[in-house]
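Peer 1: First the structure, then my questions, so here it is.
Any read-out appearing in this document is the output of simple, stated calculations on the displayed coordinates, not a laboratory observation. Note that the coordinates shown come from a computational prediction; the quantities given were computed from them, not determined experimentally. Every residue, glycine among them, receives a Cβ derived from its backbone with ideal geometry; neighbour counts consider all protein chains shown.
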Amino acid sequence: MTINTRIVYCSAALVALILPAAAQTSNPPAHPPATINQRKENQQDRIANGVASGQLTAGEAANLEKKESNLNKEEKLMRSEDGGKLTGADRKVLNQQQNALSKQIYQDKHNASTQGTPKGEIGQRKENQQDRISQGISSGRLTAGEAARLESQQKSLNQEERGMRAADNGKLTAGDKRVLNQQQNRLSRRIYRTKHDGSHK
């Protein structure tokens, strides 16, 4: 066997060994796309993180939770019309809506509105309530609809506080604080009851 023939055989053997390995690395296995439930879970986590970090105000969180709640209702309706299952068309619609909600979460978390640093006792209580709602979302003890209602109530309290401060040169009177604390007490009890009512997302 000539040297040239040996080189050809060796080259062919090397190619035979390298090609299968190259084929394996050039096409890595694709990760399966996230399921509808995984996407919902991810959105809830992002909202909870935004509430906890102060990037989302109570109003923004309430709006996002309301949209998530409406998506959940739409999914439930789709399933009821198809024997508990989602069709390919259903999944496509839900994914498009989740994409839109995902963009909204990002925009709300990165705009100029933030929950801000707590000021005094009232500010600390608001922060604590937000943390409890956030924890309820993360743990699944609050549904999207429940969280939206609680966030809406917190938003109303925040607006009332702003009105009180505006009436008193940016400060809260002792009477203002007493009223706000009573309302925070009621909201605190509502958060507790809602987290322990047996409803889960």
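Peer 1: Using the Cα centre of segment 36-195 as origin and beta-carbon charges of +1 (Lys, Arg) and -1 (Asp, Glu), tell me which of 43, 191, 64 is placed farthest towards the positive end of the dipole.
Peer 2: 191
Peer 1: Show the residues, 5+ positions off or on another chain, whose built amide H is closer than 5 Å to the amide H of residue 142.
Peer 2: Close amide H contacts, sequence-distant or interchain: 137, 201.
Peer 1: Based on the Cβ-Cβ distance from residue 159 to residue 34, what FRET efficiency comes out when R0 is 35 Å, to the nearest 0.05?
Peer 2: FRET efficiency, residue 159 to residue 34: 0.45.
Peer 1: Residue 121 to residue 41: FRET efficiency via 1/(1 + (r/R0)^6), r the Cβ-Cβ distance, R0 30 Å, to the nearest 0.05?
Peer 2: Plugging the Cβ-Cβ distance into 1/(1 + (r/R0)^6) gives 0.30.
Peer 1: Could you work out the per residue convex hull volume over the alpha carbons of segment 36-195, in cubic angstrom?
Peer 2: Values: hull volume 16.6 nm³, N = 160.
It comes to 104 Å³ per residue, whole-number rounded.
Peer 1: Roughly how many debye, to the nearest 20, is the charge dipole of segment 36-195 about its Cα centre, given +1 on each Lys and Arg Cβ, -1 on each Asp and Glu Cβ, and no other charges? If you can, show how the numbers build up before the last one.
Peer 2: Values: 30 positive and 20 negative charges, 63 e Å.
Its charge dipole is roughly 300 debye.
Peer 1: Between residue 196 and residue 171, what FRET efficiency comes out of the Förster formula 1/(1 + (r/R0)^6) with R0 = 30 Å and r the beta carbon distance, rounded to 0.05?
Peer 2: 0.25
Peer 1: DSSP loop (so not H, G, I, E, B), at most 14 other Cβ within 10 Å: list which trypsin sites (Lys or Arg not before Pro) in segment 83-180 pass both filters.
Peer 2: Here the sparse-neighbourhood loop sites are 85, 119, 171.
Peer 1: May I pose another question? Of all the C-alpha pairs in segment 92-172, what % are more than 22 Å from each other?
Peer 2: Distances greater than 22 Å cover 39 percent of the Cα pairs.
Peer 1: So how much slack lies between residue 112 and residue 93, counting 0.36 nm per residue of separation and subtracting their Cα-Cα distance, in nm?
Peer 2: Here the answer is 3.8 nm.
Peer 1: ³J(HN,Hα) across segment 53-67 via Karplus (A = 6.51, B = -1.76, C = 1.60, θ = phi - 60°), whole Hz, x for Gly/Pro?
Peer 2: For segment 53-67, the Karplus curve yields 7, x, 5, 10, 6, 4, x, 5, 4, 4, 5, 5, 5, 5, 5 Hz.
Peer 1: May I ask you to compute the full-extension gain from residue 53 to residue 80, defined as 0.36 nm times their residue separation minus their alpha-carbon distance, rounded to one decimal in nm?
Peer 2: Values: separation 27, 0.36 × 27 = 9.72 nm, distance 3.72 nm.
Here the answer is 6.0 nm.
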